[in-house]
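Since the structure comes first, as structure tokens, the remarks are kept for the end.
The values are calculated or read from the model by the stated rules, or taken from the named source; none is laboratory data. Predicted model only: the values in this text are computed from it and were never measured. All Cβ positions, glycine included, derive from the backbone under ideal geometry; neighbour counts span all protein chains shown.
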Amino acid sequence: MLASTALAALAIGLPVSAQSPAPVSAAPSTPPKLIVAISMDQFSGNLFEEYRQHFTGGLARLSNGVVFPHGYQSHAATETCPGHSTILTGSRPSRTGIIANTYFDLSIARSDKAVYCAEDETQPGSSSGDYVASPNHLLVPTLGGRMKKANPATRVVSVAGKDRAAIMMGGSTADQLWYWGGKNYVGLKGVAETPLVAKVNAGVATLLAQDRPPMELPDFCAPKDVAIDIGGGKTVGTGRFARAAGDTKAFRASPEMDAATLVLAAALIEDMGLGRQAQTDIISIGLSATDYVGHTYGTEGTEMCLQVATADRELGAFFDRLDKSGVDYEVVLTADHGGHDLPERNRQHGAPDAQRVTEALAPKALSAAIGAKLGLSGQLLYGDGAAGDFYISKALTAPQRAKVKAEALAMIRAQPQVEAVFTAEQIAATPSPSGPPERWSLIQEARASYYEPRSGDFLVILKPRVTPISDPTKGYVATHGSPWDYDRRVPILFWRKGIVPFEQALGVETVDILPTLAAQIGLAVPKNEIDGRCLDIDATAGDSCAGR
């Protein structure tokens, strides 16, 4: 059977309500008492369109609200941290400062020059791989922070399967912030586990201690049941999420984790009485399993089909629980980025140009080749893979840096898998983009995620369908992070009881979410402080964005 929130809640010992249709009433004329902002990590516009006809639960409800199927994480750096930083700030990464999951600070004192986006690198012992989680790098306030500033009584809560999702949506002023820490849900450094979180963690531990049988495959998933050979005797595409007791890695890359996250979110809403006071409260929920499933198995096998189907069911149970609470809530659901399937399956589906990146484009390989040609030793280039930002060593003299840069640009541009290389100077000279995000040029997309103090000396963009993972047998098989629409386009869905449904096919941005929600609750946000614009989603109130 499909995993269910009800099953997880029973194991945790929390109240369970039976699933029922959402009640229908006239659209309220007052602000909602609770904002529920949900991110489904790696839930691309392509996945939304592919499975929309099969939704029967929470995603079906949202699909019958206000639908923007062509939402955009409009920037080039389509990774988890930058994407989440846009959802509730109204700002692109060029303003949030979150330009990648990992950037490089070559002036940092420690030997590890990589800096994790949600790390406090000033803490003793923190490194990019074993870090102290923190919101310090986020340069702008979240919606919750703005709400709390306007009314200190506002409660701001954030819960997610990833620390960077919880931190970038919850911000620095969250009253409670929890994320999956590998074995249980944890908070930031110095935050003690509350009795409620301890109870949820105990329930999750009970589930983890049991073997999980294979999930039943829905009929509409049957065509996906095809094994794809990725080499080394390994295949993907036919998985059912069977798990041995205690396997936390398999738990993370499965529908189980999202079920647990929604149970924790629902429990926090009830325990804190969110939405039951005079002010509007906000909870952000990061559902991270879709991303782990996409990386581990790709986007077009039984694994993703089961994941999306189960997320639909889980969200239905979660919304039903909120309905029965009587709280007047408004939902927005989107994604931090899209995703691309593994090239081995893409080729079978008629994309002969789908391929894996050559190892020659890795920073280490490029450093060695450039060093051999110029007679230089040591690490000359830093970067987090074959695409994205590259940084030139600061240990070099200015003339040496110029030679390394010229040689690197020449070598990279000569590679047939490379679409473009932009220098920091070129990107910085490009005006911040405006207009429909689907019409932006590559350098405009790059400008939207350029922040000079953290961005690299140059940016490498691979051609479409080139996956920046050279060997799928050593870890992930598929990924994201490109400026192409399969990674940029995401759905943006709004729902509130009594909302008048409509669908807008024109391109909008995730940065439009904050000003849209702010308008719903009468919160003034200076236009010069954000990049987004208000979307008129209330057909019963004339122009719900009037004056905003």
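Just a few scattered comments:
- Test result for THR30, in a loop (DSSP other than H, G, I, E, B), closer than 27 Å to PRO141 by Cα and at pLDDT below 95: yes
- Evaluation of VAL186 against the conditions (1) more than 30 Å from SER449 (Cβ to Cβ); (2) without any contact (Cβ under 8 Å) to a residue 24 or more places away in the chain shows that the sole unmet condition is (1).
- Matching residues in the range 189-211 - criterion: being of a type in the set (A, V, I, L, M, F, W, C), without any contact (Cβ under 8 Å) to a residue 24 or more places away in the chain and in a loop (DSSP other than H, G, I, E, B): VAL191, ALA192
- Among (1) crowded, with 16+ Cβ neighbours inside 10 Å; (2) over 23 Å from LEU381 (Cβ atoms), the one test that ARG447 misses: (2)
- The lone exception for PRO526 - which of (1) surrounded by 19 or more Cβ atoms within 10 Å (Cβ to Cβ); (2) out of contact with any helix residue (DSSP H, G or I) (no Cβ under 6 Å at 6 or more places or on another chain); (3) more than 24 Å from ARG439 (Cβ to Cβ) it fails: (1)
- Qualifying residue in the range 62-73 (condition: of a type outside the set (Val, Ile, Thr), within 17 Å of ALA166 (Cα to Cα), out of contact with any Cys (no Cβ under 8 Å at 6 or more places or on another chain) and surrounded by 21 or more Cβ atoms within 10 Å (Cβ to Cβ)): no
- Of the residues making up the range 465-495, those that are assigned to a loop (DSSP other than H, G, I, E, B) and of a type in the set (Phe, Trp, Tyr) are TYR476, TRP484.
- Count - residues of the range 160-201 that are buried (at least 19 other Cβ atoms within 10 Å of the Cβ), under 23 Å from VAL140 (Cα atoms) and polar (S, T, N, Q): 1
- The range 349-363, subset surrounded by 14 or more Cβ atoms within 10 Å (Cβ to Cβ) and closer than 16 Å to VAL477 by Cβ, residue modelled with the lowest pLDDT: ALA351
- Here is the figure for the range 360-405: residues that are under 27 Å from the mean Cα position of the chain (by Cα) and assigned to a helix (DSSP H, G or I) total 2.
- Contact annotation: no residue pair with Cβ atoms under 8 Å, 6 or more positions apart or on different chains, pairs a residue in the range 532-548 that is at positive phi with a partner that is surrounded by fewer than 19 Cβ atoms within 10 Å (Cβ to Cβ) and at pLDDT 70 or above.
- When residues of the range 496-516 are limited to those that are within 21 Å of CYS81 (Cβ to Cβ) and in a helix (DSSP H, G or I), the one nearest to the chain's Cα centre (by Cα): THR510
- Condition check for ALA505: surrounded by 22 or more Cβ atoms within 10 Å (Cβ to Cβ), out of contact with any Lys or Arg (no Cβ under 8 Å at 6 or more places or on another chain) and farther than 24 Å from SER284 by Cα: no
- Meets criteria (in the same structural domain as ASP323 (by TED's automatic domain parsing) and either under 23 Å from GLU303 (Cβ atoms) or out of contact with any strand residue (DSSP E or B) (no Cβ under 7 Å at 6 or more places or on another chain) (or both)) for ILE230: yes
- Reported count of residues in the range 228-283, each being part of a strand (DSSP E or B) and not acidic (Asp, Glu), is 9.
- Scanning the range 117-146 for residues that are under 12 Å from ASP384 (Cβ atoms) and in contact (Cβ under 8 Å) with a residue 40 or more places away in the chain yields one hit, CYS117.
- Some residue of the range 239-256 being under 29 Å from GLY145 (Cβ atoms) and either in contact with a Pro (Cβ under 8 Å, 6 or more places away or on another chain) or of a type outside the set (Phe, Trp, Tyr) (or both): yes
- Any hit, the range 321-330, residues being under 30 Å from ARG164 (Cα atoms), of a type in the set (D, E, K, R), out of contact with any Asp or Glu (no Cβ under 6 Å at 6 or more places or on another chain) and surrounded by fewer than 22 Cβ atoms within 10 Å (Cβ to Cβ): yes
- Being aromatic (Phe, Trp, Tyr), at pLDDT 95 or above and part of a loop (DSSP other than H, G, I, E, B) is a description that applies to TYR451.
- Screening the candidates PRO214, PRO223 for the property of being of a type outside the set (Gly, Ala, Ser), part of a helix (DSSP H, G or I) and more than 24 Å from the chain's Cα centre (by Cα) yields one hit, PRO223.
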